Amino acid sequence: MTDLWTKIRELRGRDERRSGAEEPVKELLLITKVSEESNEAAELYRRYKGWGTNGAVNATLPEVQDEICAAIMAGMVALDRISPDSTADEVWKRYLDYGYDRAKRENA
């Protein structure tokens, strides 16, 4: 089975190649992609709930879920890009543990 971060690096390579941007700008584009994708997820969720001016429901739950996955993937790609020596996995695990420990304390 292909490791998660191996897949993320492949996605990163694709995104960097597609951008066509100069080197310093590639990093910024990958980081701002996170907010772009999360905003798209929020917009789809609004439409899924029918919270528009006309109340029409014109998005589906799977579309919302996919867009949330795209935002998470974009975040992981950006994290991989800015993490030296392939340390994104360590950074992610450390932060996930931090969040988990904090949630356990607050939920007690």
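The values are calculated or read from the model by the stated rules, or taken from the named source; none is laboratory data. Keep in mind that what you see is a predicted model, and the values were worked out from it rather than measured. Every residue, glycine as well, gets a Cβ built from its backbone with ideal geometry; the counts of neighbours run over all protein chains shown. For accessibility, only protein heavy atoms count, side chains too; no ligands or nucleic acids. Shrake-Rupley method; radii C 1.70, N 1.55, O 1.52, S 1.80 Å.
For the stretch 1-61, the share of alpha carbon pairs falling in successive 5 Å distance bins from zero is 4, 16, 16, 15, 13, 13, 12, 9, 3, 0 percent.
Ordered from highest to lowest accessible area with the whole protein assembly present and a 1.4 Å probe, Arg105, Arg14, Arg81 read as Arg105, Arg14, Arg81.
The order of Arg12, Arg94 by accessible area, most exposed first and with a 1.4 Å probe, is Arg94, Arg12. Basic side chains Lys and Arg get +1 at the Cβ, acidic Asp and Glu get -1 at the Cβ, and with that the dipole of the chain about its Cα centre reaches some 280 debye. Working value for the chain: equivalent-ellipsoid semi-axes of 28, 22, 12 Å, each the square root of 5 times a Cα gyration tensor eigenvalue, largest first.
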